[in-house]
Structures are given as C-alpha cells and as structure tokens.
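Working notes, structure below.
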Amino acid sequence: MRNEKGLFAQIAQGISDMCYIWWLEMKNTIKDEGVLIFFILVPLGYPLLYSWIYNNEVVRDVPVAIVDMSHSQESRKFIREFDASPDTHAAYYCNNLEDAKNLVGKQAVHGVLYFPSDFQKQIARGGQAKVDVYCDMSLMLTYKAIFQSAQAIALNMSSEIQKPKSGGFTNRDDELNTEPIHIERIQMFNSTGGYGNALLPGVLILILQQTLLLGIGLAAGTARENNRYKDLVPISKHYNGIFRIVLGKSMCYFMIYCVMAAYITLCVPRFFHFTSLVHASSLVCLMIPYLLSCIFFGMTISCVVRYRENVLLLVVFTSVPFLFMSGISWPASNIPAFWKAVGSLIPSTFGIKGFLKISSMGATIQDMAEEYKALWIQTVCYFFTACMVYRAQIIAARKHAIERLELLKKKFGAE
Amino acid sequence: MIGGPLIVILFFTSLMDNGQPTDMPCGIVDLDNTSTTRAMTRKLDAFEMTKVTAYYNSVDEAREAIQRGDIYAFLYFPKGTTDKILANRQPTISFYYNGVVMLAGNMMYKDLTTVTTLGSAAVGAAKLSALGKTPVEIKAFLQPVSVNLHMIGNPWANYNVYLSTIMIPGILFLFYFLITAYSIGTELKFNRAHEWMRMADNNIFVAIAGKTIPQFMVFFTVFMCFSWYIYGYLGFPHPGGIGKIVLLALLTVLAAQGFGIFAFGLMPSLRMSMSICSLWGVVGFSAAGATYPVFAMDSMIEAIAQLIPLRHYYMIYQICIFNGYPLSDAWPNIAALIIFAALPLLTLWNVKKAMLNYVYIP
C-alpha cells in the first residue's frame, strides 16, 4: 500500500497526523486536572514560594549571648562593636556560661561570647587576651556570621593595640606596620553573598524538569488507564508511525514549556531582584536543548510507569539528589565519580550548570559549550530511546488488538 | 519501599564522605612573578581545600575561566607587589572568588586569609626576634586579642554531619507521606474499598489501623536502620543518646503517617492527596530552616514553616540529639509532631465516606 503513495504524500500524511496528535494531546492536557496542576499551577506558583523563602538573602542580627567576666572597658568595647556589626546582635547578658548554654538550648541565641576575667589585664600588660566564641553548629550561616564578626573585631582591636607599640612616626607608618600587605576581597557575580542568589537559579531550572517529568508521566498514565487494553498507544489510523507520535506529543509539551521557561527564567528573577545577566541568544540556545531533552527523557520514563501515581513516587524523591548532583551546593569538583556519571544522565545537571553560567555569571554560549553539547547529545539519545519504547508500546497495542480480534472471531465462529 | 530510601541514604553519605570539600580548583594571575609571590602561591596550594590548578596571563582570562567553571577563585598579584613590600609601600593583592558557588568560595577565602595573615605575621615575627623578643612576646604583639573558637558538636565543620542528618530524613518524610496516601488511595482505584471496609466491619478506625500498623513497622525499621547507620556506623555526634534517637524516630514515622492520612481525608482522591503530600514535603527542605535559618525569613514564611513536620524534626534533632539538651527544651516541637500524628482524627470521617461512596475517576 505504501508504495502506491509518493514519498511527499507520505511525509504530508505524517505531518498532518503529527498535528492531529499534537492537538489531541493539548486537549487531554487541559482536560486532565492532575496534568494541569503540574504543567501550569506548580511552575507558576512554586518558584514564587521558593523565591519568597530566600528573598531576604542574608542573615542579619544573629542573636548571641554575652558572658562578660572581665567587666572592663576593653571587653565592653568589644561587645559594643560586636553588637554594631550588621550580622550579629548581643541579645542577652549572662552571669555564667551555664546560663548562656541554657539560652542556646531554648533557641534564644545561636552562640556565646565569653570574656575571661583577665581580658583587660592581659591587654594592659602586653600579653595575649583571649575571647572564647562558642557556636551552635546546627546552622552554618549563623556560625559563619558569629565567627566572622568576632574575628574581624579581634583583628581591628589588635591593630589598634599594636599601633602605639610599633614605633611609627606618622599615621601612615601605623597603617603600614599593622597591615604591610593590603588584601582585597572581591566576591564576583553575587556581590551580596546572598543565599537566594546562589541557590535559586538551580531550583528554578530543576522545577522545569521535575514538573515536566511529572506531567508527562501523569498524562501517559491517564492515557493508559483510559485505554481499553491498558495500552499507551491507541489503535487509530493517526497513530501509524513512531515519529509522528513522539514528535506530536513533544510539540505539545514544548509549546507549553516555552512559556513556562520564559516565565521562570526571566520573570521570576525580575520579581525578586535576583542576579540576571542573561542574553536572549544564549538563553534560547540553552533552553531549547534543555526542554527537549527533558521532554524526551520524560517520555522514555513515562513508558516504564504503569500507574499514573507511581510517577509521583519516582520523580518527587529524586528532586533533592538531582539538585545536589548539579554541584550547586556541594562543589562539583568534589562529587565522587560514580555520582558524576549518574548525574550526567540527567538533563538538569547540565541545565542548572548552564543556566548558572549565563544567568548568574553572564557567560556566553562559548563558555557553556560543554553543557550545550551535552544537552544536545541527551536530546538525541533520549529521542531515540523514546522512539524505541513507543515502538514497543505500538507492538504491544497491536498484539492486544489482534488477540482481541481472534477472541471475537472464535466467539462468533463457535456460535 | 526500602530500595528508594536506601539509595538516598547512600547517595548523601557517600557524596559528602570527605566532610569538607578538598582540593578545590583555584587560579593564579601573577604579574609580579617573584620568589615572594611564588612562595605565597605554594603556601596556598599546600592547604587542604585549595588546589592551584592553572596560571593565567590576565585578570580577564581568569574571569572567563570562572565563568566557564574551570576554577572557583583566583589570586591576583599586580606588577610590583614585591617591590612595594620591600619599600614598605603597602601593595594590594586581590582575591576574586565566585559568590554563586557559595560553599567553595567561602572555604577558599578562609584558606587565603590564613595564608596572607601568616605572610604578614612572618615579616613582623622576623623583625621582632631580631630585636631579641621571646616567642611569647612575639605572639602577644602580633595578636593582642585572639579569638578562641569552639564549634560545639561538630568541631570539624563536617558537612556530612550537617546536611545528611536533615536531607535524608526530609526524603524519608516524603516517602512516608506518599506511600501512606498511595496505599489508601489504591483501594479506591482498584475497587477494593468496599471489601476493605467490610473486613473492618465498616469501622474506619479498624480499617486504617489495619493498614497503617504493618506500614508503621516497616517505616520505623527503615528509620532506625538509617539512625544506626549515621550514628552507629558513621559515628555522627549524638550526645542526646539512644533514648532520644528512638523517640524521634517514633515521632517522625507517626507524624508522617498522620499527615499522609490527613491529606487523603482532606481530598479523597489518590492523585490530589499525593500531589499535596509531595508539594508539602518538597517545600519542607527549604522551610525546615536547616540551611537558611527560619528567623531570617519573612514573618509570613516563618509561620508557614511551623506547618511543616520536617521543621519540627530538625528542631528536635538539633536541640536534643545534636546538642544534647533535655527534651523539655523542644517541647513545642514534640507537641507539634504529636498533633501531626493526631491530625487524621479530623478527616477520618471523610475517608470513610470516600471509601463507601466514591468511585475512582482517572
């Protein structure tokens, strides 16, 4: 039959079938509540919630308890400066360490400063005065705030004490004696050191992938459950080729997610004033392979899932490990080779890295060549795996249909 | 039910096995290129966390390397640095680090501060010893006020101890939520609801208890295995002792199951209840306040965080187990977990109605 038609007619038929499947998939997406939640509501709402959580970016005024056994001018000066530091706040004054310890237990403070009784005496006699800093290590950010503030004040006070002793003649001499080399500390691409700025781009890109996987999985599950023989692919003249099914469905998802990706990568950072240095060309170059590889990855997985709800179990618990694999919190250079290999199978690993580069660090396409290539390779590989699993589905569907036919034949034959 | 948690536990504990990231790539832009600057570079390289991997000819090249992700930071010596040191004209050395990869940037900055402080101190120490000062005097002169740091509970600043103890329970919570809601919902889905209710004489308490008690045993075993693995085998600090660990495991599993049943009763549809559970569970990772503290969030979010079981888990863990304070210090959190466990009482009637009347709609 095929030979009768020309090649062009066949292609034209294929394209029209693809468009039909595309249209059908759009209709199903809008009708299915579960899919709608994960395709529309979650990508719209979740980024806002996360941005809101991290919107304050930095930790200010960490409460600290003070145990001052010295009661001297020098210790009070230290405490005053510590309280005046932006990150810390002298919240309680205690008479002994035991009291301060109880305050940590009640979560009233996150650390303790202890001045021994000889604090001023040591300074006055030219010895080394010590201030003890006790930090609650269950929160790294408060530990950092308390320790760094105390350290900075100690350095400052030290140089003030050194100056008169170092025998300089002018103020400049004093400066040179206490700081022979000036060290400049420059934090690039996230000048406030904000937590949201560092973490959120990764979360945003991950949300795109996870909702796509969930949505595609649920849609496939529904299609299977609505089908008479529990098959993913219905028997219909439009579903007569692998490419038209895979392309038709993916066009639908791609269409929806172009909008979602634009919203998540452009609007959300703007709403919350996160760093966003993207150029249109590099963003488009990253997002097209990223979305496509996620879609084909999702379609491959969706064939494995038998019941629609199982996909939730599978996808939800992988979210946090996927985020870690991208190297956004634990540096990528320290991820064990095995997990690196597993991570390289997942689109989000490269998507997050690439997006961080172009959005947070203003990189160009050349700078993210590695991610760009990897995503296209994934797109091609997952496209073929999606075709393969769909082929298996089509064969299964035909087999079921033929079995049914035989059964009916037998039934009628017997009568 | 067991394979998933196992993978997650192994993932996190093996990922951060070192405790702290080591040998992070750092670049050098040395336009001075003298023995002094090279000595500083060598010292920086000798630190455990920093590894000098590349030399660049200009700041621009090094900046591009950061953008490509080759290095996390670089140290810049401008031309004439050594001359200025010798002539006492205070040269400026710049350390550029990537603020987007926070952990790496901060750790390397710490190494650099140590190197440079030691560098300036060495100059001073040599001068003073030439004047005939004793080592104690030199130490006192160089650092008249020193900070004595005590990192309570985790003196190594071990990230495995810090993150695995909250990320893994968070994922276990998710599993427990989802499996509880799933197991009740599938009764409807496969039309077994009537049969199930008949076995329990239409008593929803019996029906739910019959379903959740065996699950409780599995969940509790998984959680205890996890606790044994991190506290017993990996030796994470737990001054709170075994009693509190077991109590927390008990409360965690009960609260998670309670929330799962509650969510199903709220919306007796398999899909919706599982969606609620997963959205709730995933927000928990951020709202628990283990990485970014809750008191630094907006007050509205602070309130929402209290509605998340993982938040209370984290509070009980860090107050009672990690820091070893008495349970009374965490009583609001313990009460909260008990309330979570009791939540199904509010919606059980709806579960019953659903089981007897509803039909599964795909």
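The values are calculated or read from the model by the stated rules, or taken from the named source; none is laboratory data. Keep in mind that what you see is a predicted model, and the values were worked out from it rather than measured. Please note: Cβ atoms are built from the backbone with ideal geometry, for glycine as well, and neighbour counts cover all protein chains shown.
Look at residue B:59 and say whether it is of a type outside the set (D, E, K, R) and modelled with pLDDT of 90 or more. Considered against the rule, which asks whether it is of a type outside the set (D, E, K, R) and modelled with pLDDT of 90 or more, residue B:59 comes out as yes. Taken together, B:103, B:75 contain a single residue that is in the same structural domain as residue B:49 (by TED's automatic domain parsing), within 30 Å of residue A:324 (Cα to Cα) and either surrounded by 23 or more Cβ atoms within 10 Å (Cβ to Cβ) or of a type outside the set (A, V, I, L, M, F, W, C) (or both), which is B:75. Against the test of being assigned to a helix (DSSP H, G or I), at pLDDT 95 or above and of a type outside the set (Phe, Trp, Tyr), the options A:394, A:358, A:402, A:377 yield a single qualifying residue, A:377. All conditions in (1) within 16 Å of the chain's Cα centre (by Cα); (2) within 10 Å of another protein chain (Cβ to nearest Cβ); (3) polar (S, T, N, Q) hold for residue A:348, with the sole exception of (2).
Restricting B:45, B:23 to those that are more than 10 Å from chain A (Cβ to nearest Cβ) and either modelled with pLDDT of 90 or more or in contact with an Asp or Glu (Cβ under 9 Å, 6 or more places away or on another chain) (or both) reduces the list to B:45.
Is it the case, given these coordinates, that residue A:326 is surrounded by 19 or more Cβ atoms within 10 Å (Cβ to Cβ), touching a Lys or Arg at 6+ places or on another chain (Cβ under 7 Å) and within 21 Å of residue B:102 (Cβ to Cβ)? It is true that residue A:326 is surrounded by 19 or more Cβ atoms within 10 Å (Cβ to Cβ), touching a Lys or Arg at 6+ places or on another chain (Cβ under 7 Å) and within 21 Å of residue B:102 (Cβ to Cβ).
As a summary of the residue check, residue B:248 satisfies the conditions (1) away from every other protein chain (no Cβ under 11 Å); (2) within 24 Å of residue B:153 (Cβ to Cβ); (3) not in a helix (DSSP H, G or I) except for the one numbered (3). One residue stands out in the range A:251-299 among those that are under 16 Å from residue A:378 (Cα atoms) and among the small types (Gly, Ala, Ser): the one that is modelled with the lowest pLDDT, namely A:298. Within the range A:208-219, one or more residues are crowded, with 18+ Cβ neighbours inside 10 Å, part of a helix (DSSP H, G or I) and within 8 Å of chain B (Cβ to nearest Cβ). Considering the range B:1-93, there are no qualifying strands (runs of 3 or more DSSP E) wholly inside with 2 or more residues that are at positive phi. Given the conditions (1) touching a residue at least 40 places away in the same chain (Cβ under 8 Å); (2) under 30 Å from residue B:56 (Cα atoms); (3) among the β-branched types (Val, Ile, Thr); (4) facing chain A (nearest Cβ under 7 Å), which single one is not true for residue B:92? Going through the list (1) touching a residue at least 40 places away in the same chain (Cβ under 8 Å); (2) under 30 Å from residue B:56 (Cα atoms); (3) among the β-branched types (Val, Ile, Thr); (4) facing chain A (nearest Cβ under 7 Å), residue B:92 breaks only (1).
Filtered by the rule that a residue be free of Cβ contacts under 8 Å to residues at least 24 places away in the same chain and among the aromatic types (Phe, Trp, Tyr), the range B:192-230 gives a lone residue, B:228. Among the candidates A:23, A:52, the residue that is more than 26 Å from residue A:128 (Cα to Cα) and loosely packed, with under 15 Cβ neighbours inside 10 Å is uniquely A:23.
Scan the range A:76-92 for residues that are more than 10 Å from every other protein chain (Cβ to nearest Cβ) and in contact with a strand residue (DSSP E or B) (Cβ under 7 Å, 6 or more places away or on another chain) and jot them down. A:79, A:82, A:83, A:87, A:88, A:89, A:90, A:91, A:92, listed by residue number. For residue A:43, the stated conditions hold: it is at pLDDT below 95, in a helix (DSSP H, G or I), within 14 Å of chain B (Cβ to nearest Cβ) and in contact with a Ser or Thr (Cβ under 6 Å, 6 or more places away or on another chain). Could you give every pair whose Cβ atoms fall below 7 Å, whose first residue belongs to the range A:212-229 and is over 16 Å from residue A:312 (Cα atoms), and whose second residue is at pLDDT 85 or above and assigned to a helix (DSSP H, G or I), counting only separations of at least 6 or pairs across chains? Listed pairs, sorted by first residue: none to list.
For beta carbons closer than 8 Å, sequence separation of 6+ or different chains, a first residue in the range A:189-204 that is more than 20 Å from residue A:267 (Cβ to Cβ) and a second that is of a type in the set (D, E, K, R), the qualifying pairs are A:192/A:57; A:195/A:57. I'm trying to understand the selection: among the residues of the range A:289-307, which are assigned to a helix (DSSP H, G or I) and farther than 12 Å from residue A:347 by Cβ? A:299, A:302, A:303, A:304, listed by residue number. Would you confirm whether or not the range B:309-317 contains a residue that is over 16 Å from residue A:320 (Cβ atoms) and either at the interface with chain A (Cβ under 7 Å from one of its Cβ atoms) or not in a helix (DSSP H, G or I) (or both)? Within the range B:309-317, none of the residues are over 16 Å from residue A:320 (Cβ atoms) and either at the interface with chain A (Cβ under 7 Å from one of its Cβ atoms) or not in a helix (DSSP H, G or I) (or both).
Taking residues in the range B:59-79 that are within 12 Å of residue B:99 (Cα to Cα), and partners anywhere that are among the charged types (D, E, K, R) and assigned to a helix (DSSP H, G or I), the pairs with Cβ atoms closer than 7 Å and at least 6 places apart or on different chains are B:67/A:357; B:67/A:367. May I ask you to say which residue of A:62, A:112, A:58 is within 27 Å of residue B:330 (Cα to Cα), facing chain B (nearest Cβ under 10 Å) and surrounded by fewer than 22 Cβ atoms within 10 Å (Cβ to Cβ)? Being within 27 Å of residue B:330 (Cα to Cα), facing chain B (nearest Cβ under 10 Å) and surrounded by fewer than 22 Cβ atoms within 10 Å (Cβ to Cβ) holds for just one of A:62, A:112, A:58, which is A:58. Outside any strand (DSSP E or B) and either out of contact with any Cys (no Cβ under 8 Å at 6 or more places or on another chain) or among the hydrophobic types (A, V, I, L, M, F, W, C) (or both): does that describe residue A:93? Taking the combined requirement at face value, the residue does not satisfy it. Do the conditions hold for residue B:133, that is, is it more than 27 Å from the chain's Cα centre (by Cα), surrounded by fewer than 16 Cβ atoms within 10 Å (Cβ to Cβ), basic (Lys, Arg) and within 30 Å of residue A:161 (Cβ to Cβ)? Judged against the criteria, residue B:133 is a match. Tallying residues that are outside any helix (DSSP H, G or I), facing chain A (nearest Cβ under 7 Å) and among the hydroxyl-bearing types (Ser, Thr, Tyr) within the range B:267-308 yields 1. Considering every residue within the range B:142-154, establish whether at least one is assigned to a helix (DSSP H, G or I) and over 25 Å from the mean Cα position of the chain (by Cα). Yes: one or more hits. Looking across B:304, B:308, B:316, one residue alone is surrounded by 19 or more Cβ atoms within 10 Å (Cβ to Cβ), of a type in the set (Val, Ile, Thr) and either within 26 Å of residue B:268 (Cβ to Cβ) or outside the structural domain of residue B:280 (by TED's automatic domain parsing) (or both). It is B:308. The residue that is farthest from the other protein chains (Cβ to nearest Cβ), among those in the range A:122-141 that are without any contact (Cβ under 8 Å) to a residue 24 or more places away in the chain and assigned to a helix (DSSP H, G or I), is A:124. Looking only at residues that are part of a helix (DSSP H, G or I) and charged (D, E, K, R) in the range B:165-219, which one is surrounded by the most Cβ atoms within 10 Å (Cβ to Cβ)? Result: B:187.
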